[in-house]
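These notes concern the structure reproduced below.
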Amino acid sequence: MFHFAAVFLRFQFATCLEGALKIKEVSYTHTEGIHSGELKHGPLALIDDNMPVIFFAASDNTKGHIQSALEQVLARQTSGTFVIVCPEDDPDMLKYRGNKCEIVEVPKTADCLQSIISILPMQLLSYHLAVYRGHNVDQPRHLAKSVTV
């Protein structure tokens, strides 16, 4: 079984959950959105060397919490893949490049709008993951285009 974990805080809440939902819907891969403050309360035990973890970092006062969560995961894994979605030219996040981390830089904007831009890499990830796994992205199974009552 293939799993993903996506870690977020504050304005990145909707981004994380929407990204996890897209990966589930299109590529049929188990993905969970995890609040960075709740990482120690169970989810950290599930993260192993084979689980990719995606971190959403903003340039607001929550960046330290995301860095703390990232450090906790890095300290517990000997290998594995980490992806950090962050505003471009963020020196606090760019220092992790190459340390088992891939950095996806998105254009910087107001903190409350950053989540709208940060969802784009997740949309692309879900698409390419589905194609890689051989799934038809235009017709996901068991998904209705509209809900009827």
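Numbers below:
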read-out	value
Residue selected from segment 48-77 under the condition of a type in the set (D, E, K, R) and in a helix (DSSP H, G or I), by the criterion nearest to ASP111 (Cα to Cα)	LYS63
Residues of segment 98-128 satisfying the condition of being among the small types (Gly, Ala, Ser) and open to solvent by less than 30 Å² (accessible area, probe 1.4 Å)	SER115, SER118, SER126
Number of the condition not met by GLY134 [criteria: (1) surrounded by fewer than 19 Cβ atoms within 10 Å (Cβ to Cβ); (2) at pLDDT 80 or above; (3) within 17 Å of the chain's Cα centre (by Cα)]	(3)
Residue count, segment 125-143 (criterion: aromatic (Phe, Trp, Tyr) and closer than 11 Å to LYS22 by Cα)	1
In segment 30-56, residue most open to solvent (accessible area, probe 1.4 Å) [restricted to those that are in contact with a helix residue (DSSP H, G or I) (Cβ under 8 Å, 6 or more places away or on another chain) and in contact (Cβ under 8 Å) with a residue 40 or more places away in the chain]	ILE47
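The values are calculated or read from the model by the stated rules, or taken from the named source; none is laboratory data. Quantities reported herein were computed from a predicted structural model and do not represent experimental measurements. Note that we place each Cβ from the backbone using ideal geometry, even for glycine, and neighbour counts take in every protein chain shown. The area values use the complete protein model at the heavy-atom level, side chains included, leaving out ligands, DNA and RNA. Shrake-Rupley method; radii C 1.70, N 1.55, O 1.52, S 1.80 Å.
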